[in-house]
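The values are calculated or read from the model by the stated rules, or taken from the named source; none is laboratory data. This structure is a prediction, so every number in the text was calculated from the model and none was measured. Please note: Cβ atoms are built from the backbone with ideal geometry, for glycine as well, and neighbour counts cover all protein chains shown. Note: accessible area is taken over every heavy atom of the protein model, side chains too, but ligands, DNA and RNA are not part of it. Shrake-Rupley method; radii C 1.70, N 1.55, O 1.52, S 1.80 Å.
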Amino acid sequence: MREQDDQILFEIQSTISRKSTQSHLTHTFFVPEHPDAVYIDFSFDPPHQTDSIENKRMIEEALQYYESEGAKLEDCPIRNLLTLSLDDPDGFRGARHYHSPVQQVIVHEENSTPGFLNKGNRAGLWSVTVSVHALVTECCHIKLRIYRKCKPFEKGKSSMLPWQCKPLVQVFSENNILLPSNVSEKDSLYWLPAELHTHTFHSDGKQSVLEMANVAEEMGLQAIVVSDHNTTSPLQEIEDMKGSNTIQILNGLEWTTFYGHLLTIGYEKPTYTDWRVIGPLDIEKGIEEIRLHGAIAGIAHPFRIGNPIGTGCHWEFPIERINSFDFIEVWNSTRPGSKAYNKRAFLFWTDLLNKGYKLTATAGRDWHHNEQINPLPAITYVQMPKELTGEKEAFRTSFLSAIRHGQVSLSYGRPLELTIQQGQDIYSIGDVFKQTGEPLHVNVHSDEWKKNERIDRESFSLILFSNKGEVARGCHGSLDLIDVINNDHLCWIRAELYASIDDEEPELIAFTNPIYLV
């Protein structure tokens, strides 16, 4: 019998009909840690046909079908036959072709139930399959419970479900190695306005791809990523609407998993990458698969409230190497600078920068509909070559490369531009350079913003921020500083713009990714 405090890993009761005969019912579940033993209690009812008339009819039908009318069968009830098989993270673990309607299976390193391999139990995704060999009753009720025995010190503790962990507070095991990059050829680059996070009626949005693209063009956007939840059907719509507009549309997908949402951008072709085979310990394996198809991957809205209110929205995959990701969405939804979960993401990203990581920050409207009036979405400006061929692949590769390298500025309006000049060399957002001891000439500016009745432009406050804290402060969206702090402890610099919205307290309305100093 299972003790009250044992940890249930999976449990289901279901009723299947005779039409489920010769089918496999597979259930996937997560095994945390490395339990000494995994227990499976399985039963089905009724075990056999109890109606003697129906029993006789089935015997006669079988004898006739198999041309065995002269044969004699024992007058006993015909049984239902349902069997179990099990797979662990390494593959097939065993099967129990056993006729009892009540079974217990134990998988253990040394004393597994016959039919199952003796070996250690790995944490990860497992699957159990109920194979319905024969169902001779009208229906059959199945009970399946999988659990592990809790150790004495664990009894009475709360559930160890992985979504109750908060892995984003951990210290990661590997730092970036920053190498100086090429000096930016600023005359050959421009800021392309883009939206990286969208949804259509192919998942939980209210718009078609064409409707969204048309509104995006009206807004002045030049690129959008279609990133519906766990489906590629909208990508077929992209293929069908070629020539309908001039905006660049990239293939994407939001992996909407149990343990966090992963935003994937820029598949070479409309391609599905399967989140269902990824357990809470397997995210890096999933990212490897995504990259095989030419796409990049980043953490979406990492601090939004999670289960069961916003199922899977909070990031709960343990992360060993933050460098596995190409970006992190620090701004999510409309008017993102005002939202508490985005403020947490911004501080988390800043802490990563201070620890020596180079990870691009992005914004995503999480665009589901067009019903808001003046919603103040943040635009992700991506620094792109001015001279690109019209060929879609050239655009895609340049766009993804710019995001990877941090050539991104985020804003409710116009992008902030940040440059640092050292000697004759000029460095721009995303660049990495080595200090020589020469004075640093830092320039921050933004083109004139369009008038917006919600934003008080007179309240603009511009801050130059670094790993050492605030470097300088100005107003009206421009700073020009010569001989700023120049020492071995300055690792990165970014620009931040604040303003009052709807006559409220100032909030962050634009910021750049850093320039990195070695």
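Sorted by mean Cβ packing within 10 Å, highest first, what order do the peptides 230-240, 343-353 take? Don't skip to the answer; put the middle values down first.
Values: 230-240: 15.9, 343-353: 17.8.
Descending mean neighbour count gives 343-353, 230-240.
Describe numerically, in nm with one decimal, the distance between label points set 7 Å from Cα along Cα→Cβ at LEU388 and at ASP204.
Inter-label distance under the simple model: 3.1 nm.
If you count only protein heavy atoms and use a 1.4 Å probe, how large is the accessible surface of SER23, to the nearest 10 Å²?
Roughly 30 Å² of SER23 is accessible to a 1.4 Å probe.
So which of LYS343/LYS386; LYS242/LYS392; LYS269/LYS386 end up more than 23 Å apart by C-alpha? Can you show the working numbers first?
Working: LYS343/LYS386 33 Å; LYS242/LYS392 11 Å; LYS269/LYS386 25 Å.
Where the Cα-Cα span goes over 23 Å, the pairs concerned are LYS343/LYS386; LYS269/LYS386.
When only DSSP loop residues count, what GluC sites (Glu not before Pro) in the range 58-120 have their Cβ near at most 13 other Cβ atoms within 10 Å?
Values: sites: GLU60, GLU61, GLU67, GLU69, GLU74, GLU109, GLU110; in loops: GLU67, GLU69, GLU74, GLU109, GLU110.
Hits after loop and neighbour filter: GLU67, GLU69, GLU74, GLU109, GLU110.
Given q = 0.09, 0.13, 0.18 Å⁻¹, what are the Debye log10 I(q)/I(0) values for the range 308-458, with equal point scatterers placed on the Cα positions and solvent ignored?
With one equal scatterer per Cα and no solvent, log10 I(q)/I(0) is -0.37, -0.79, -1.36.
Give the angle, between 0 and 90 degrees and rounded to the nearest 10, that separates the Cα long axis of helix 340-354 from the longest principal axis of the Cα atoms of the chain.
Taking Cα atoms only, the helix is inclined about 70 degrees.
How about the range 410-518: which GluC sites (Glu not before Pro) there are in a DSSP loop, with at most 16 other Cβ atoms within 10 Å of their Cβ?
Loop-located and lightly packed - GLU448, GLU453, GLU504.
To test your reading of the geometry: what angle, between 0 and 90 degrees and rounded to tens, separates the Cα axis of helix 52-65 from the longest principal axis of the chain?
For helix 52-65, the angle is close to 80 degrees.
Applying 1/(1 + (r/R0)^6) with R0 = 25 Å to the Cβ-Cβ distance of GLU505 and GLU217, what FRET efficiency is obtained, to the nearest 0.05?
On the way: r = 34 Å, r/R0 = 1.36.
After rounding to 0.05, the efficiency reads 0.15.
To the nearest 0.05, what FRET efficiency results for GLU11 and CYS76 with a Förster distance of 35 Å applied to their C-beta separation? Mind dumping the intermediate values first?
Details: r = 33 Å, r/R0 = 0.94.
So, using R0 = 35 Å, E works out to roughly 0.60.
For LYS143, go through the lysines and keep the ones whose alpha-carbon is under 29 Å away, minus same-chain ones fewer than eight residues off.
Excluding near neighbours in sequence, the set is LYS19, LYS56, LYS119, LYS151, LYS155, LYS157.
May I ask you to list the GluC sites (Glu not before Pro) in the range 248-355 that are in a DSSP loop and have at most 16 other Cβ atoms within 10 Å of their Cβ? Don't jump to the answer; show the numbers that get you there.
On the way: sites: GLU254, GLU268, GLU284, GLU288, GLU289, GLU316, GLU320, GLU329; in loops: GLU268, GLU316, GLU320.
Here the GluC sites (Glu not before Pro) that fit, given the DSSP loop and packing criteria, are GLU268, GLU320.
How big is the accessible area of SER14 in square angstrom, nearest 10, if you roll a 1.4 angstrom probe over the protein chains?
Approximately 40 Å² for this residue.
Show me, bin by bin at 20 Å from 0, the whole-percent P(r) of the chain based on Cα pairs.
19, 42, 25, 11, 2, 0
Which value, in Å² and to the nearest 10, is the accessible area of LEU73 when all protein chains are kept and the probe is 1.4 Å?
110
What nm value, rounded to one decimal, do you get for the distance between HIS229 and ARG404 when each label is placed 7 Å out toward the C-beta?
That separation, rounded to one decimal, is 3.1 nm.
In square angstrom, what is the accessible area per residue of the chain with a 1.4 angstrom probe?
On the way: 24850 Å² over 518 residues.
Value for the chain: 48 Å² per residue.
Any chance you could give the angle, 0 to 90 degrees and rounded to 10, that helix 209-219 forms with the longest Cα principal axis of the chain?
Helix 209-219 and the main axis of the chain meet at about 20 degrees.
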